[in-house]
Amino acid sequence: MTQRPDIPLPPPKERRRLREAGALTQAQVAAQVGVARETVRAWESGRTTPRGRKGEAYARLLESLTTPSAEPYEEPAVPRTAAGRTGRHRQPSPSAVGTAETPEPADALTPAQAFDALYAFCAPALVRQTYLLSGRRELARESVERAFQTAWQRWPEVAVDPDPASWVRATAYEYALSPWHRFRPRYRHPEPPPADAADRALLDVLLTLPPSYRRTLLLHDGVGLGLPETAAETEASTPATANRLLHAREAVAARLPGLADPAALHRRLAEVASAERLRAPGPPTVRLGSERRARFWTRAAIAFTVTIIGATVLTVRTAPTRYEPPVPPGETVQGIPPRVAPGTLSDKELKLRKKLRSGTAHGPQRLLPESR
């Protein structure tokens, strides 16, 4: 019989989430367990199930990532929603069984607490990813803040989403790649580049890629998503996503031959993002800003509606209520000869004009008439 691991394995989606929470790539997990990267990807997608010694080693690695000391976050678990349900099912680890602590009730987290937990889980890494995507530190912070503000405004929808982290990440990426930022005065001038020359070279190569290629490369080789997940998040077909990924890798390898290996590229992307000191605002600040923005747009919509209603009422009150005939045409006034329009001269007028022209005096008499 095949040996089953002593430690229960979480569901496939939970495996990938635990790996991302521990800031590990599929290649790093494969190296620690002693399998190929494709095997780890198959385990995380649910196509195969870990068994034997490799499965036991993989289960112990995932169990170590569930401890509170796992890096880089203190609470790697996906936050529960306001209804007390998690976006993904999670099996309890043996270390939590038999402890003196009483497990939390299912409805312990309020919507604000669940949002704060999601923010603490996603925001630090998402700011660094958005910086690699846009090349601007301030825009990266603003994109993440705006994405979480939108998530808080639509929290009932985000709370029941199977993967709320992907929902927020897609919103932040779309905001960061918006072409309208180039017309904003604060983003017309480039920001100071990274201090290290190698980091500058990699960031320059990334910014020369088309936005769709850059996003695909960052999701697949930077975040570590599989090809189907990357295609779903970028709203493209799997062949198109694979084509974008290949072209992006070729463009990076053409200018930086040392990054032709995807594992080396993933490591360098993590190093470039970690070298920048990018800090996101606190969750209460984001929630307060979201509520203020919602109040502002609500009041603006009410004011616009009141203006339209007032203009309509004013038009109705000032509009004529009876028929007013147009101004009638003018009538001829009796006793006054009509004014003759200029036209051809009559014979009498031609004779008078000829007489005047022939009898015109010449010389100083015209200027100084003499009195006789």
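The values are calculated or read from the model by the stated rules, or taken from the named source; none is laboratory data. Every value quoted in this text rests on a predicted model; they were computed, and no experiment measured them. As a convention, Cβ positions derive from the backbone with ideal geometry for all residues, glycine included, and neighbour counts pool all protein chains shown. What goes into the accessible areas is simple: the full protein's heavy atoms, side chains included, and nothing from ligands, DNA or RNA. Shrake-Rupley method; radii C 1.70, N 1.55, O 1.52, S 1.80 Å.
Structural remarks
- Simple spin-label estimate for Lys54 and Asp261 in nanometres, 7 Å along Cα-Cβ: 2.0
- Sites Ala242 and Ala31, calculated FRET efficiency, Cβ-Cβ separation with R0 22 Å, nearest 0.05: 0.35
- Computed FRET value (nearest 0.05) for Arg357 with Glu331, which takes r as the C-beta separation and R₀ as 35 Å: 0.30
- Eigenvalues of the alpha-carbon gyration tensor of region 164-257, scaled by 5 and square-rooted, set the equivalent ellipsoid semi-axes at 23, 19, 12 angstrom, largest first.
- Carbon plus sulfur fraction of accessible area for region 242-287, probe 1.4 Å, in percent: 53
- Protection proxy ranking of 121-131, 307-317 - average other beta-carbon atoms within 10 Å, highest first: 121-131, 307-317
- Straightening the chain between Arg188 and Arg279 buys 30.5 nm, computed as 0.36 nm per residue apart minus the Cα-Cα spacing.
- Counting 0.36 nm for each residue step from Ala197 to Ser178 and taking away their Cα separation leaves a gain of 4.1 nm.
- Whole-Hz Karplus values for region 18-26 come out as 5, 5, 5, 5, x, 6, 10, 8, 5 Hz, taken residue by residue from phi with 6.51 cos²θ - 1.76 cosθ + 1.60 and θ = phi - 60°; glycine and proline positions read x.
- Using a simple spin-label model with pseudo-atoms 7 Å out from Cα toward Cβ, Ala112 and Glu250 lie 5.4 nm apart.
- Listed peptides 196-202, 300-306 appear in the order 196-202, 300-306 once ranked by packing, highest mean of other Cβ atoms within 10 Å at the front.
- Debye intensity ratio I(q)/I(0), log10, region 196-237, q values 0.15, 0.22, 0.28, 0.31 Å⁻¹ (C-alpha model): -0.40, -0.70, -0.92, -1.01
- Those lysines that a straight Cα-Cα span of less than 24 Å connects to Lys13, excepting residues fewer than 8 apart in one chain: Lys54
- Burial order of peptide ranges 47-55, 186-194 (average beta-carbon count within 10 Å, highest first): 47-55, 186-194
- Rg and Dmax of region 10-64, Cα atoms only, in Å: 9.6, 26
- Full-extension gain in nm, Ala341 to Thr321, via 0.36 nm per residue minus C-alpha separation: 3.0 nm
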